[in-house]
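Remarks on the structure that follows.
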Amino acid sequence: MSLLEVHDVRMHYPASPDAWGRPRAWLRAVDGVSLSIAEGEVVGLVGESGCGKSTLGRVITGLERPTAGTVRFGGRDVAGRAGTPGLQLVFQDSLGSMDPRWTAAEIVSEPWRARGRRMARGELRRKVAGLLSDVGLEAAAMDRYPHEFSGGQRQRIGLARALADEPRLLVCDEVVSALDVSVQAQVVNLLMRLRRERGMAMLFISHDLAVVEHVSARMAVMYLGRIIEEGRAREVCARPLHPYTAALVSAVPEPGRARGGPALQGEPPSPLSPPPGCTFHLRCPIATTRCGAVSPSWREASPGRWVACHEAGPTDPGVQASPAGTR
Ligand SMILES: Nc1ncnc2c1ncn2[C@@H]1O[C@H](COP(=O)(O)OP(=O)(O)OP(=O)(O)O)[C@@H](O)[C@H]1O
Ligand SMILES: [Mg+2]
């Protein structure tokens with residue numbers, strides 16, 4: 001059994017309320033996602049802005065109860081239950097996730113208070129200083145308030161807070177996106193060290209494909225609320241199966257990568273009214289008429305490589321297809 005088991009999760013938000021406040025439409029931020037993460041495994045989640053990555057992160061960590069589907073952590077149902085021990089989120093919006101009246105020391109030590117762990121002031125300050133040093137901040141930072149830090153420094157305080165809980169699974173939402181390259185490498189190395197030392201698993205959410213490839217063993221690519229490709233990170237980047245993944249890969253400015261593929265055209269459709277069939281077909285360079293009518297099934301194209309596309313890649317005839325997003 002995996003540490004995290006997400007099955008067919010949907011998060012639909014009410015939209016366009018009428019005069020009585022009843023929703024006239026639903027925004028499908030997450031629309032049928034299944035994902036599992038093993039103990040100690042690092043899984044990357046990539047996709048364009050607005051595809052539902054943060055929403056999925058909030059659902060996994062129990063901050064939002066999904067409209068449908070199940071979330072199990074360590075075998076327990078944790079859907080809609082925030083504060084599950086061992087399950088922590090580092091927020092994309094670090095400022096919004098911190099009480100402005102709290103010092104960094106109070107913020108970082110919050111998980112201990114939440115668990116009723118008491119310790120003497122000296123010990124607490126020593127432990128907080130240790131965590132701050134782990135994320136590359138001076139001990140003096142502990143007496144400052146959130147607004148006194150840069151975005152990158154605040155992100156690291158958020159990381160220190162999550163690490164204080166000694167998580168078994170850390171959901172990192174764009175933790176390095178706001179940092180400059182040298183600090184980015186420092187935080188990535190820290191996360192890799194913690195994974196090795198503590199056997200911590202991670203869901204590493206980022207729109208930066210190159211960082212995700214570097215950090216993750218396995219990678220899932222999300223488009224308009226669904227996972228459309230999954231596999232070993234290196235293989236997905238070297239030989240993308242889905243035309244959307246291919247476009248993301250070809251946009252990464254790195255030598256030695258298969259580039260020159262079709263660039264991504266236009267904006268993703270609105271999650272308020274996703275198109276019929278494959279939700280990518282309007283932007284897809286290889287779409288056929290079937291793609292505009294029939295939603296592609298989620299199939300294992302080769303061992304460990306999953307894709308939802310009618311036209312993509314090799315098909316292993318021995319492998320059964322299942323409805324998109326389920327397995
Ligand atoms: N609380 C909410 N109420 C209504 N709509 C929401 C809510 N949270 C997110 N959304 C919508 O859900 C969709 C997915 O948003 P989400 O923040 O999960 O995307 P993302 O992939 O994290 O994007 P980014 O890369 O910009 O962080 C967007 O259309 C967003 O406007
Ligand atoms: Mg986000």
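Just so you know, all these numbers are worked out from the coordinates, no wet-lab data involved. Note that this is a predicted model, so its numbers are computed, not measured. Virtual Cβ from ideal backbone geometry, glycine too; neighbours counted across all protein chains shown.
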Of Ala312, Val187, Val221, farthest towards positive along the dipole that unit charges on Lys, Arg, Asp, Glu beta carbons give the chain = Val187
Net charge (Lys, Arg +1; Asp, Glu -1) of residues whose beta-carbon lies under 14 Å from that of Cys278, Cys278 excluded, is +1
Would you work out which of Tyr145, Thr84, Gly292 lies farthest towards the positive end of the dipole of the chain? Charges go on Cβ: Lys and Arg +1, Asp and Glu -1.
-> Thr84
Where Lys and Arg each count +1 and Asp and Glu each count -1, what net charge lies around Pro146 among other residues with Cβ under 10 Å from its Cβ?
-> +1
Rounded to one decimal in nm, the spacing of the 7 Å Cα→Cβ label points at Met192 and Ala114 is 2.9 nm
Extension gain (nm, one decimal) between Asp208 and Thr288, 0.36 nm per residue minus Cα-Cα = 25.9 nm
Based on DSSP H runs of at least 4 residues, each adding -39500 (n - 2.57), what is the mean residue ellipticity at 222 nm of the chain after dividing by all its residues, to the nearest 500 deg cm²/dmol?
-> -7500 deg cm²/dmol
Based on the Cα coordinates of segment 97-166, what is the per residue volume of their convex hull in Å³?
-> 80 Å³
Just need log10 I(q)/I(0) for the chain at q = 0.07, 0.09 Å⁻¹, Debye formula, equal scatterers on the alpha-carbon atoms, no solvent, rounded to two decimals.
-> -0.30, -0.49
Measuring from label point to label point, each 7 Å out along Cα→Cβ, what is the Ala19 to Asp77 span in nm?
-> 4.0 nm
Cβ-Cβ FRET estimate between Leu272 and Asp143, R0 fixed at 56 Å, reported to 0.05 = 0.80
Can you give the relative contact order of the chain as a percent, counting alpha carbon pairs under 8 Å and 6+ residues apart?
-> 19 percent
Evaluate the distance, in nm, between pseudo-label points positioned 7 Å from the Cα of Arg125 and of Glu48 along their respective Cα→Cβ axes.
-> 5.1 nm
If Lys and Arg each add +1 and Asp and Glu each add -1, what is the summed charge of the other residues whose beta carbon sits under 10 Å from the beta carbon of Asp134?
-> +2
Can you tell which of Arg65, Arg118, Arg218 shows the greatest fluctuation in a Gaussian network model of the chain with Cα springs below 10 Å?
-> Arg118
Here the FRET efficiency for Gln265 versus Ala238, based on Cβ atoms and R0 = 22 Å and rounded to 0.05, is 0.40
About the Cα centre, charge dipole magnitude for the chain (Lys/Arg +1, Asp/Glu -1 at Cβ), debye | 640 debye
